[in-house]
Structure formats: structure tokens, C-alpha cells
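Data first, discussion second: the structure below is written as C-alpha cells.
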Amino acid sequence: MPTYNFKEEAEVYVVSGGNQYRIHVTDITFSQTFSEESYSVNTIHSPNDLFEASVINKANAATFTLSLPAIEEVNYAILHSLLLGPTAFDLYIKTPADVYRLRQSVITNGSFVIERSRPLRLEITGEASQLYRAVTGFTGSSNISNRTPIIPIVDVSVSGSTLDNVVSVTMELQNEIAWTPFRTVNGAFSATTMYPSGFTISKKILAGSITQYLTDSNKATAQTFSTGTALSIKAGNGLTGSFFRGFSFGPATCAYTNRIAQGGIFTQGYDWRLTQNTNLASILKYETD
């Protein structure tokens, strides 16, 4: 009887700097596609050969997504560090039937999911140079440590004033990268398939939105904008002191636009973007034990 690969049985491991980290995910996807080039075989001697031939010797960058809860323990802090870098690492997916490896992985997008009365989550999207199947010699640890989810209290401040009646908050970091094609003369002749050989980062974008109910006490900020305002966001267990566990951003200089929306209850929304160039690790944190 064949052995099937069930996603719910998959174990995910991040290998970085010679260390192995077990990541318990709620969902994972990964794939790699190849580029095809066609050419005509129609000649004077074979005028009826109308179907073109194919050459496939170049791979596109592999892609992956991870969804996982943010926890109080330090276990998953490695993903936050790799996102801020961004720094290359290897990603392994182990099932009862096989082991897959995503070599030279890099996180291109990280969403900090903040919802009232629900645990904090991280949504990760990334790319990799090469996807291997049937990897040998990898033995993942089945050790299961404590994983305490974080039910957040949310605190948002704009220009030093705390916002009340906040409905929702989003925050997302994008790393724009470009892969270096494996198109050297030696590489083309020595490799059956050419995979991307490295990457460079060209731009970072940290942005999000804040939605609050529109009331008589906050209506003065509706339909406004700013190109340089101090913004801070905290979402976690408690908001002050050494007991805080969760996501924190700022205070940092941001640009925003504010507009009114009409639902069952009127709201106003801040669409913001970081404009301050500074050490990102000092203003965007995932606080753990």
C-alpha cells in the first residue's frame, strides 16, 4: 500500500547559521516552476511539421508560504530575524513519506496579523533558489516545547495621541529582491537545469492600515494627511514593562492618509507607510520570553 503525504503531518524546520528550528505551522505551500522555450522544426523538407519542439533547462525561483501563530516563547523569533534581514536560510519540510528542501530561501513578505480577541499570527511568503525532493541525511527533531499563543491588547498612537475605538490594525513588511540568473557559460554547459544563483535586495516597504470608529471626539483627524508623523503600534499581552509579549512598532516617522468609510457605523482609516531610514530591528520587534 502506498504511503501518502498529508499536509497535517508535515514537520517544518528552518536551518540558519548551523542551527535547526522546528516551526509548528497551521498551513504551508511550496512549489517551483520551470521556463520553457520553443523553436520551430518546420523546414523545406518537412513543411507539415507545425508543432514546435521544446527546451527546458532553466528554473524560476521556488516559492513558499507559511502561516503560524505568534507565541510567547522564543522558538519562532528566528523567522522575525530572517524577515528583517532578509537573510538566506534553508527550509525543510518532512513528511512520513519524504523530505523536501528549499535551498537558499529568503522571506520576501511578512504580515503581522493583529485581530482583537484572536491570537497573533505571522503570515510568511518567500522564495528560494532550488526545491529538492527525497532529501537524504536530514533528521528533524520531534521535540515539542511549550507554545503559548498571544491574545493581544492593541494600543495605537499617532503624533503622540492614543487612538480610541480602534477596530483593526494591519502591518506588513515587503522585501523587494532580484535573483541572479545562473547564465554563465560554464554554468550553462555544466548543469542540466540552471537555477537562480543568488539574490540582491533593492527596496523595503513597511506599511499598514488602522481603522477606528468615527466619533465626535476624533472627527478632527478625518480626511487629513501627513508626510512626517510619529506612529507607534503595540499588540500583545499587556502594553508596558518587562511582561510585554507580542508585536511592537515605533515610534517611527511615517506618512499617512486618512479617509472616511461608510458602513453600518462610520469609520476612518489611516493608510500608513514608514519613511524613516533606521535600523529596522530597533523599531519593529517581536517580543518573546
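The values are calculated or read from the model by the stated rules, or taken from the named source; none is laboratory data. Keep in mind that this is a model prediction, so the values were computed, not measured. Neighbour counts are summed over all protein chains in view; Cβ atoms, including those assigned to glycine, are modelled from backbone coordinates with ideal geometry.
Examine segment 193-212 for a residue that is over 24 Å from LEU120 (Cβ atoms) and without any contact (Cβ under 8 Å) to a residue 12 or more places away in the chain, and state whether such a residue exists.
Kept after step one, since they are over 24 Å from LEU120 (Cβ atoms), are these residues of segment 193-212: 193-203.
Now restrict to residues that are without any contact (Cβ under 8 Å) to a residue 12 or more places away in the chain: none.
Checked segment 193-212: no residue is over 24 Å from LEU120 (Cβ atoms) and without any contact (Cβ under 8 Å) to a residue 12 or more places away in the chain.
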Residues of segment 248-266 being under 26 Å from THR215 (Cβ atoms) and not small (Gly, Ala, Ser), in sequence order, are PHE249, PRO251, CYS254, TYR256, THR257, ASN258, ARG259, ILE260, GLN262, ILE265, PHE266
Sole residue being small (Gly, Ala, Ser), touching a residue at least 12 places away in the same chain (Cβ under 8 Å), more than 24 Å from ALA77 (Cα to Cα) and touching a Cys at 6+ places or on another chain (Cβ under 8 Å), chosen from ALA178, ALA230, ALA255:
ALA230
Which numbered condition trips up SER67, out of (1) in contact with an Asp or Glu (Cβ under 9 Å, 6 or more places away or on another chain); (2) part of a strand (DSSP E or B); (3) at pLDDT below 95?
(3)
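Rundown of residues vs (1) among the acidic types (Asp, Glu); (2) at pLDDT 95 or above; (3) under 22 Å from GLU172 (Cα atoms); (4) more than 21 Å from the chain's Cα centre (by Cα), yes/no style:
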position	(1), (2), (3), (4)
PHE6	no, no, no, yes
TYR13	no, yes, no, no
THR33	no, no, no, no
ILE44	no, no, no, yes
SER54	no, no, no, yes
ALA59	no, no, no, yes
HIS80	no, yes, yes, no
TYR92	no, yes, no, no
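Modelled with pLDDT of 90 or more and among the β-branched types (Val, Ile, Thr): is that true of THR215 in this structure?
Values: modelled with pLDDT of 90 or more: yes; among the β-branched types (Val, Ile, Thr): yes.
Considered against the rule, which asks whether it is modelled with pLDDT of 90 or more and among the β-branched types (Val, Ile, Thr), THR215 comes out as yes.
Please enumerate the residues belonging to segment 15-52 that are more than 26 Å from MET194 (Cβ to Cβ), part of a strand (DSSP E or B) and in contact with a Phe, Trp or Tyr (Cβ under 9 Å, 6 or more places away or on another chain). So that I can check it myself, show each step before the final result.
Looking only at segment 15-52, we keep the residues that are more than 26 Å from MET194 (Cβ to Cβ), and these are 17-28, 42-50.
The next check asks that each one be part of a strand (DSSP E or B); those that pass are 19-23, 27-28.
Across segment 15-52, the qualifying residues are GLN20, TYR21, ARG22, ILE23, ILE28.
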Taking the residues in segment 107-121 that are in contact (Cβ under 8 Å) with a residue 60 or more places away in the chain and either touching a helix residue (DSSP H, G or I) at 6+ places or on another chain (Cβ under 8 Å) or part of a loop (DSSP other than H, G, I, E, B) (or both) as candidates, determine which candidate is nearest to PRO152 (Cα to Cα).
LEU120
Condition check: out of contact with any Phe, Trp or Tyr (no Cβ under 8 Å at 6 or more places or on another chain), modelled with pLDDT under 95, in a strand (DSSP E or B) and surrounded by 12 or more Cβ atoms within 10 Å (Cβ to Cβ). Does VAL154 satisfy that?
yes
Could you tell me how many of the residues in segment 206-243 are assigned to a loop (DSSP other than H, G, I, E, B), surrounded by fewer than 16 Cβ atoms within 10 Å (Cβ to Cβ) and aliphatic (A, V, I, L, M)?
2
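Quick check on my filter: what residues within segment 1-14 are β-branched (Val, Ile, Thr) and outside any strand (DSSP E or B)? Before you say what the answer is, go through the steps one by one.
Taking segment 1-14 as the starting set, the residues that turn out to be β-branched (Val, Ile, Thr) are 3, 12, 14.
Hit for segment 1-14 is THR3, nothing else.
Taking the condition assigned to a strand (DSSP E or B) and modelled with pLDDT under 95, does SER168 pass?
Numbers: assigned to a strand (DSSP E or B): yes; modelled with pLDDT under 95: yes.
Yes; evaluated as a whole, the condition is true for this residue.
Output the residues belonging to segment 1-23 that are under 17 Å from PRO96 (Cβ atoms), of a type outside the set (D, E, K, R) and surrounded by 10 or more Cβ atoms within 10 Å (Cβ to Cβ). Give the steps one after another, and end with the answer.
Of the residues in segment 1-23, the ones under 17 Å from PRO96 (Cβ atoms) are 1-13, 22.
With of a type outside the set (D, E, K, R) added as a condition, the list becomes 1-6, 10, 12-13.
Residues satisfying the conditions are ASN5, PHE6, ALA10, VAL12, TYR13.
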Go through ALA97, ALA134, ALA53 for me and flag whichever is surrounded by fewer than 16 Cβ atoms within 10 Å (Cβ to Cβ), at positive phi and either free of Cβ contacts under 8 Å to residues at least 40 places away in the same chain or not basic (Lys, Arg) (or both).
ALA134
Failed condition for VAL113, given (1) closer than 25 Å to TRP179 by Cα; (2) of a type in the set (A, V, I, L, M, F, W, C); (3) at pLDDT below 95, with all others met?
(1)
